[in-house]
Amino acid sequence: MFLSLTFLASIFITIQFYKWIKFYLKISKIPGPKNQIPFFGIINNFIGEKVGNYGKNFLEIISKTEPIQKVWFGPKIFIIPNTPEMFKTIFTSLYCVDKPRYIYGGFFANNGLLSSNGSVQEKHRKILSYSMTPKMLNQLVPVFEEKIQKFIKRMKNKIDGDEFNVFEDVAACTLEALVKGNFQYDYDCYESDLLKACASSDGITLRRIMQPWMSFEFLFKISQLSKDVKRIFGPIYSAVDKILEQNEHLRIESDDKKGIFIKQLLNLKNEFSEEEIRDEIFILIFAGSETTATTLSMCLLLLAMHKNIQNKIIEEINTKNSNDDFPYIEMVLKEVMRLFPIGPIIFRETTAEIMLESCEVPKNTTIAIPIYFLHRNENIWGKDANEFKPERFEANKIDKIHSYSFVPFSGGKRMCIGYKYAMTFMKIFIVNFFKEFEIETSLKYEEMDVKVLPTITVTQGFPIKIKKRTI
Ligand code: HEM
């Protein structure tokens, strides 16, 4: 008995060893930073560092120009592609749809779109996408207008006052529109615990990523992190309870297959479990509010720094009706997201071997997709890649650039489900804002200190000074 067990164990170890050698040989052809310590990789660059610096350190270690590289992070390897062609291969591959559990999972709302994989994600996405179609979004426009007008009224009290960080107010406006539009939950978010909970998500997500062993449910449940998650996200869980309480009447079998988000979730015909419903509400609040609020605050800050571009926006608003297209505003928003994509690095896990140009990437490998680098790559965007120039999105210029060079909402089957929602909301916000105000700031573009993980933000905040519009 003992001998046969030993025999089986040695066969198992030999197979694992063989697999590991095969894996190692394949990835050994991919270049990477020189200073990687065996089994630790670049982890020594993070020991003793402030959590806020992790992202910056990571981006500084990896090369900005190598088309593809590998980085060992402890025993885990990241493959980092950096060309639009490789981004296209990844986003269109059937084998790069999943997200790595040790980064996205075992934490909160595991059944929500952002972190689920396989058939759960596929089914949810198919049903929930209906609530983000242009027809559905048109129905939400009056809610957007109402919440933006409330914000503008608050901003009128700031006219000719001191410079202030506009982020909290923008975030409250965005959150109010999101919960009312998608969940029929009319809630005053200004200075609320719900707003604070959404704003604290970055720190806790980063703590989780830096402790990969927390993806094991039993370890997570007994950890301090789990207690902190419950405490910090408590107000979001309470909001989920209230949203469900108020929408109880929607739990019916309905043939209306194209309702707003909460109707899709509660329609009994769609067969979501109670846990899945809760997780999806949580994830929409989590993924939809901070992202849009940060992008909009960044847009206001950049416009306060670039008066000439602000004037062009005002010129466009002066010559159009509210229902028209606003091509210049759209270009400005795209340029904001090119320079400051809210997800600067996102991750995928291969479920089969794939080829990235001439490199074989084995099954079960993590790919780190550095959207931030690609968006600032001088070979694609030119020598002025780091400058804020919305005109680069004019049709005749952008048409000459590979379509996978600009992916602020990611791409393929995991592309942001809310991208049309976000673009619609942001355009209405900017039009209404610049109908009333002009803005300026003392912060210089060159002095912006950008924090890059897990989402992008500016450490100095978003300081602006508001004046009544004179032109
Ligand atoms: C400017 C605003 C936004 C940006 C730049 C943005 C960007 C992104 C990116 C890059 C991803 C992929 C994340 C990853 O793979 O790790 C993503 C996913 C997602 N976003 Fe957004 N987002 C924005 C607004 C929104 C809004 C308004 C909603 C909802 C109303 C939303 C809901 C989601 C969801 C549910 C996912 C997961 C989709 C899936 O995996 O199937 N986002 N977003």
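Gain on full extension, evaluated as 0.36 nm per residue between Q224 and T319 minus their Cα-Cα distance, stands at 28.6 nm. The relative contact order of the stretch 28-468 comes to 25 percent, based on Cα pairs under 8 Å that sit 6 or more residues apart. Under the combined filter of DSSP loop state and at most 11 neighbouring Cβ atoms within 10 Å, the stretch 174-251 retains these GluC sites (Glu not before Pro): E191. The stretch between F46 and E146 holds 31.5 nm of extra length on full extension. This uses 0.36 nm per residue minus the Cα-Cα distance. Projected onto planes of every orientation and averaged, the convex hull of the alpha-carbon atoms in the chain covers 25.7 nm².
Shown for the chain are the DSSP H helices of 30 Å or more along their axis, judged by Cα atoms, with a mean Kyte-Doolittle hydropathy of at least -0.5: 2-28, 134-156, 224-246, 274-305. Gain on full extension, evaluated as 0.36 nm per residue between F216 and K135 minus their Cα-Cα distance, stands at 25.0 nm. The mean of 1/r over all pairs of different alpha-carbon atoms in the stretch 390-471, once inverted, gives a Kirkwood hydrodynamic radius of 16.2 Å.
In the stretch 10-138, one over the average inverse separation of all distinct C-alpha pairs is 18.1 Å, which is the Kirkwood hydrodynamic radius.
Taking Rh as the Kirkwood radius computed over C-alpha pairs, what is the Stokes-Einstein D of the stretch 156-234 at 25 °C in a medium of viscosity 0.890 mPa s, expressed in µm² per second?
Once the numbers are plugged in, D ends up at 164 µm²/s.
Using R0 = 60 Å, the C-beta based FRET efficiency linking D188 and A9 works out to 0.45. By the Cα gyration tensor, the stretch 187-266 has an equivalent ellipsoid whose semi-axes, rounded to whole angstrom, run 31, 18, 11 from largest to smallest. Arranged from fewest to most other beta-carbon atoms within 10 Å of their beta carbon, I346, I456 become I346, I456.
Mean projected area of the Cα convex hull of the stretch 105-198, taken over all directions, amounts to 7.9 nm².
Coordinate-derived values only; no laboratory data. Quick caveat, the model's predicted, so the values are computed rather than measured. Heads up, the Cβs are rebuilt from the backbone with ideal geometry, glycines too, and the neighbour counts pull from every protein chain shown.
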